[in-house]
Structure formats: C-alpha cells, structure tokens
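Undergrad: So that we are looking at the same thing, I have put the structure below in structure tokens.
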Amino acid sequence: MRFMMLVIPKGYETAQPNQAPDAAAVAKMMKYNEDLSKAGVLLSLDGLKPPSAGVRVSFSAGKPKVTDGPFAEAKECVGGYWMIQVKSKEEAIEWAKRAPMGDNEIIEVRQVQEMEDFPADVQAAAAGFEELQGRK
Amino acid sequence: MDSPDISKTIDAVWKIESPKLIAALARMTRDVGLAEDLAQDALVSALEQWPKDGVPRNPGAWLMAIAKRRGIDHFRRNKLVDHKHEQVGYEMQARQEDAAPDFDAALDDDVGDDLLRLIFTACHPVLSTEARVTLTLKLLAGLTTEEIARAFLSTETTIQQRIVRAKRTLADKKIAYEVPSGPELNVRLGSVLEVIYLIFNEGYSATAGDDWMRPALCEDAQRLGRVLAGLAPNEPEVHGLLALMEIQASRSTARIGPKGEPILLLDQDRRRWNQLLIQRGLSALARAERLRAARGPYTVQAAIAACHARARQADQTDWQRIASLYDELATIMPSPIVELNRSVAYGMAFGPEKGLEIVEPLLGNPVLSEYPYLPGVRADLLFKLKRFDEAKAEFLKAAELTKNASQRALLLEKANSCQSA
C-alpha cells in the first residue's frame, strides 16, 4: 500500500519566497531520504517552494478568485512530500516518526486512494486516471 | 479516536528493524541461526514491555541492546572453552561497551555490508530453492512464519521446520558469513536474483480468491530488489531485475478483469498501467544498460517489458525490437520457453510464417509437453495463416491443457470461431 507523508514545516506559511533551506538541515534530511531509499520503501519525493511564492485560486458563486501568497489565514502549509510503499499504516507511521523534524513541525500521513477501493461506477468514471499519472 | 494498535506498531517496527538487527548480530556471532534467535528474544521482550512502557524513542537501538545482552548471556552460560567462541563473546561484550553511547550509529552506518552478507547467506546455493525463498522472506523481508505459510498456502509447522533445517544446513556446512568475490560472485548473485524473482512471480501468479498475503509477495520482492540495488549499485543485473519487476508490477491492476479473469498483455487497458512504476522501471533499466553494454538475462527481459511499457496502444508495439531482444535472450539464456516467446515476437514482427518456423521444432519437446501456451501460440499463428482446421485442433489441445477455467473458455471460443471462419 502507498502512503504520502506530507511535511508541514514550522513557519512555512510566512517564509520568504526565496528562502533557502539551511544546509545542515538539508544534510540531515538527505540522510533520512537515503534511509527510506535503502529500506526499499521510497517511490518518489519532492519539495515545494514557500506559499509566499504561490497563489490560491478560490471559488465563490461560480467564479474563481486568485490571491497571491502568503495567505494570512493559513496556519499550516505543506512544504513537500514523500511517497512510500509499505506493508501497513503502522509502518508508514513508524517511518514518519523517524523524520528529522524540529519542534512543532508536522508530518501528515495519508494513504493513497487505490482504484480498486472504488465501486464499479466510480472506476468507470475514472477510466484513464492512471494514464494521466506520471506523465511528464 | 482510535489509537494505533500497539501490536501492529511492534510488527511494523519489526519489519523495518529485524533485517538490520539479524544482519549485525550474525556478524558478531558468526551464526545466522543464533542471530535470528537472539533477535526473536528481543522481539519477545518488546512484546512484553512496549505495551506497558510505550515504544522507545529509538526502537532499533532498544532491540539491539536487548539482543546483544542475550547474546552475551548465551556465551557466558555455555562457558565456552573453545577459543573462537570465547573471542566472539568477548567481542560482543566489547562492542556492547563501545557502542553503548550510540547504538544507532553502530546499527545504521556499517549495516549495509552485513545486510549484503545476510542476503548472500540466506540465498546460498547449498540450500534448496524453497528453503532459500523461506529464509529470505523471514530474515530479510521481516515476514512472520505465519505470513509465509499463508503466502505459500502451507502450514506454519512446515515453514517452521523448513527454517530450522535451513539454519542447521548453514551451520553444518560451515557457510561463511561473507559477500563472495571473484568468479564465485556471479554464481551466488544469480542465486540471490533467482530467489527474489521467484518471490515476485509467486505473488504475480496469485488469483482472485487467494489470501492477500500472496499478491503482497510482489511488493516484498520489489522492496528486496530496491534494497539490493542500494547495496550492490554496480551490479547491472540487480538493476535489470528491479526494472523487470517494477514494469511487470505496473500492470497489476490491468491484468485482472472484473470477474477475476486474467487479461492478456495485448488486451489490457494500458491507461490503467501505473506510470510511476513504469518510470522507475525505465530508469532502473537505463542504469543497468549504462553499467554494462552486454545485457544479462534480467536486463534483456526488462528491455522487452520496457518495449511494451512504452507503447501507449498495443498496435504501437515495436515488435521488431522485441524480436531482436528475444534473439539476444535466446543466445544468453536458451530455453524452450524463450523460443516460444521468440516465435510470438517473430510472428508479430515478420508475419505468422516466420513465427511458425520457430514453433515447429518445439513440438515434441518434453519440457513443453504439458504447456498450454505451445498449442495456444501455434493455433494463433495457424489461424492467421487461415489454416483453420489445424488451428482448431491446436486451440482444443490448449483448452484441454490449461488449468485456468476462464482461459479454457476463451480457447474454446477461439476453436469455435475456426469453424465459422
């Protein structure tokens, strides 16, 4: 089963658009990434630029509205993710517990929805979904 | 709110930690059987203590500390006069003291070589194939005896006995705990790759009604393949096997129909193939080919699988390339099954006569006498040549040989279509 571990770094919601990560923290994180890889559980990973470099498109009365970051109302913002393949939810949690995070930082562990979990009509409506994944 | 079940947490920690634990203990004790016993002792302690005290902050180091303590007790209790054992006991004690401030480093940093030694030992050719498979799942994939029994439709007692016997064989034959070198390396690596691919295929052959432990074997094998690729990054065939497994696994949801019936490669809805696994497979293949221009058997098979993976529709398949890859495979790993597959590729690339030329010499081959695909492939080629009577006879023969009910129905249907054609 696949899980996504979403990283919510402390203060990322107010980070500067070009804020470079700390080299020592990156080195620690690389060690963790390598541990995931060596254990054969890592499928993919990415980091995201701070929300201040992004926008939110919100919808109201059928109209999209674009707001530049940072987002005053946001308390937590995703900073990146790991996609892992493990034997159980508990194993995903164990891996999350090992991440080199600081105080008040969060990793949210979410299972990936598999097509087989859906009823037949939803599967039919989603035909072609897998084809769209992984295309670059 | 449901709190996570502690026994499931312990199980998860075990899956992550036990291979490293056993690998490091086997180096210290020079005895894989004893190493596994000590690790099991540590697991028993965890099952007693963690539900009361909670999971320790560094569970791997905790388990290692307990296992080492048990190991030292074991050697003291036996009051061994044998010099070697004395030395091992001393070494463990020394390590215990040295490592006390930082078990974590001791476990993590030099465990790679130990893991590689453990893989080569569990897959040692002195063991029977099924013993190698069982030991690999137990020692390196962290599966319990019960899980292995369920996956192989066997009983726990049988699996338990197989493990005991395998450990005894390793001890009796004084199998050194080491990574082989020189010319021996290739043979031994071949055995390791064979075991991992057997585990994968066991999972891949699971059918709809099976216990979920069976298809899960595919993921166990992929995981072992990825671990091995990290431990032996310069071995092209390791990446070749990983590529083959990732690409095959990418089709796992597309190859079974809604009623559990198998769907053949060319009939699969390719939109359902998992593109992430395909990408991973293609990059592992590229790595294998970069490491050595002359492809080994797993790399060639991965290259064939990659041809299918790259074709967005079945009719876009590059059959000429597949035919030439089968020529390559037939040279380095000749077998009647490879010939049969080669005939299919030739039939698609150069026309049914060319396919038939390769099939004909296989008739009467004892290896294929019960193999439904031989008459099945021949029937398809004859059908395309409009030799309907012969095609019909071959479809019927294939239907008689297959053990799969839905496949039989399909073959009978094709036999009937010969009549009307």
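Undergrad: Let me have the relative contact order for the range A:1-89, percent, based on Cα pairs under 8 Å that are six or more residues apart.
TA: Rounded, it is 50 percent for the range A:1-89.
Undergrad: On to the next question. Mind giving me the FRET efficiency for B:T144 and B:R271? R0 is 30 Å, r the Cβ-Cβ distance, nearest 0.05 is fine.
TA: Efficiency for this residue pair is about 0.20.
Undergrad: Could you pull out the trypsin sites (Lys or Arg not before Pro) across the range B:203-266 that fall in loop regions by DSSP (anything but H, G, I, E, B) with no more than 12 other Cβ atoms inside 10 Å?
TA: B:K259
Undergrad: Sorted by average packing, counted as other Cβ atoms within 10 angstrom per residue and highest first, what order do B:297-305, A:25-33 take?
TA: Values: B:297-305: 24.4, A:25-33: 13.4.
Order by mean packing, descending: B:297-305, A:25-33.
Undergrad: Can you find, among B:W14, A:L45, B:L368, the residue sitting farthest towards the positive end of the charge dipole of the protein assembly as shown, where Lys and Arg contribute +1 and Asp and Glu -1 at Cβ?
TA: Looking along the dipole axis, the top candidate is B:L368.
Undergrad: Further question: Averaged over peptide B:217-227, how many Cβ atoms belonging to another chain are found within 10 Å of each residue's Cβ?
TA: If you average over the peptide's residues, the count of other-chain Cβ atoms is 3.
Undergrad: Also, quick follow-up: Return the average number of partner chain Cβ atoms within 10 angstrom of each residue Cβ along peptide A:83-92.
TA: On the way: counts 1, 0, 7, 5, 12, 6, 5, 11, 9, 1.
Average per residue, whole number: 6.
Undergrad: With r as the distance between the Cβ atoms of A:K97 and B:R76 and R0 = 25 Å, compute the FRET efficiency 1/(1 + (r/R0)^6) and round to 0.05.
TA: Here the calculated transfer efficiency is 0.10.
Undergrad: Let a ≥ b ≥ c be the square roots of the eigenvalues of the Cα gyration tensor of the protein assembly as shown; is it rounded (a/c under 1.5), or, if not, prolate (a/b larger than b/c) or oblate?
TA: Cα axes put the protein assembly as shown in the oblate bin.
Undergrad: With +1 on the Cβ of every Lys and Arg and -1 on the Cβ of every Asp and Glu, and nothing else charged, how large is the dipole of chain B about its Cα centre, in debye rounded to the nearest 20?
TA: 540 debye
Undergrad: Which of the pairs A:K89/B:K15; A:K10/A:K31; B:K68/B:K167; A:K89/B:K167; B:K138/B:K403 have their Cα atoms more than 24 Å apart in this structure?
TA: Numbers: A:K89/B:K15 12 Å; A:K10/A:K31 20 Å; B:K68/B:K167 20 Å; A:K89/B:K167 32 Å; B:K138/B:K403 31 Å.
Pairs exceeding the cut-off: A:K89/B:K167; B:K138/B:K403.
Undergrad: Just to be sure I follow the definition: excluding the sites themselves, where is the longest run in chain A that has none of the GluC sites (Glu not before Pro) in a DSSP loop with at most 12 other Cβ atoms within 10 Å?
TA: Details: sites that count: A:E73, A:E114.
Answer - A:1-72.
Undergrad: Can you classify the range B:111-232 as rounded, prolate or oblate using the Cα gyration tensor, where a ≥ b ≥ c are the square roots of its eigenvalues, rounded means a/c under 1.5, and otherwise it's prolate if a/b beats b/c and oblate if not?
TA: In terms of gyration-tensor shape, oblate.
Undergrad: Sort chain B into rounded, prolate or oblate with this rule: let a ≥ b ≥ c be the square roots of the eigenvalues of the Cα gyration tensor; rounded if a/c is under 1.5, and if a/c is not under 1.5, prolate when a/b is larger than b/c, oblate otherwise.
TA: It is prolate, given that a/c is not under 1.5 and a/b is the larger ratio.
Undergrad: For the residues B:S324, B:S191, what sequence is obtained by ranking on other C-beta atoms within 10 Å, fewest first?
TA: B:S324, B:S191
Undergrad: Any idea what the dipole of the protein assembly as shown comes to, in debye rounded to 20, about its Cα centre with Lys/Arg Cβ at +1 and Asp/Glu Cβ at -1?
TA: Details: 71 positive and 78 negative charges, 129 e Å.
With Lys and Arg at +1 and Asp and Glu at -1, about 620 debye.
Undergrad: Connecting C-alpha atoms closer than 10 Å in a GNM of chain A, tell me which of A:A92, A:A20, A:A61 has the biggest fluctuation.
TA: Its mean-square fluctuation being the largest, the pick is A:A61.
Undergrad: Averaging sequence separations of C-alpha pairs under 8 Å and six or more residues apart, then dividing by the length of chain B, give the relative contact order as a whole percent.
TA: Numbers: 542 pairs, mean separation 37.6, N = 421.
Dividing the mean separation by the residue count of chain B yields 9 percent.
Undergrad: Can you put B:V179, A:V78, B:V377 in order of Cβ neighbours within 10 angstrom, beginning with the fewest?
TA: A:V78, B:V179, B:V377
Undergrad: Run the numbers for B:R290 and B:D315: contour at 0.36 nm per residue of separation, minus the present Cα-Cα distance, in nm. Display every interim value, and only then the final one.
TA: Numbers: separation 25, 0.36 × 25 = 9.00 nm, distance 2.91 nm.
Here the segment from B:R290 to B:D315 would lengthen by 6.1 nm.
Undergrad: Hey, fewest Cβ within 10 Å first, where do B:T136, B:T169 land in order?
TA: On the way: B:T136 26, B:T169 17.
Fewest-to-most Cβ neighbours within 10 Å comes out as B:T169, B:T136.
Undergrad: What are the GluC sites (Glu not before Pro) within the range B:321-421 that DSSP puts in a loop, where the Cβ has at most 16 other Cβ atoms within 10 Å?
TA: Listed in order of number, the matching sites are B:E370.
Undergrad: Using the Cα centre of the range B:111-232 as the reference point, and only Cβ charges (+1 on K/R, -1 on D/E), how large is the resulting charge dipole? Debye, rounded to the nearest 20.
TA: On the way: 14 positive and 15 negative charges, 74 e Å.
Dipole size: approximately 360 debye.
Undergrad: May I ask you to list, by number, the DSSP H helices of chain B whose Cα span along the axis is at least 18 Å and whose average Kyte-Doolittle hydropathy reaches 0.5 or more?
TA: Numbers: long enough: B:6-29 (30 Å, 0.42); B:32-53 (31 Å, -0.06); B:59-77 (27 Å, -0.47); B:83-99 (23 Å, -1.84); B:156-172 (24 Å, -0.76); B:183-204 (32 Å, 0.54); B:213-231 (26 Å, 0.15); B:236-249 (20 Å, 0.71); B:275-291 (24 Å, 0.22); B:297-310 (20 Å, 0.39); B:319-332 (20 Å, 0.11); B:336-350 (20 Å, 0.63); B:388-401 (20 Å, -0.10); B:405-420 (23 Å, -0.34).
Going by DSSP H runs, the hits are B:183-204, B:236-249, B:336-350.
Undergrad: Need one number: nm distance between label points at B:S7 and A:A24, each 7 Å from Cα along Cα→Cβ, rounded to one decimal.
TA: Inter-label distance under the simple model: 4.5 nm.
Just so you know, all these numbers are worked out from the coordinates, no wet-lab data involved. These figures come from a predicted structure and were not determined experimentally. Ideal geometry is used to build each Cβ from the backbone, glycine not excepted, and the neighbour counts take in all protein chains shown.
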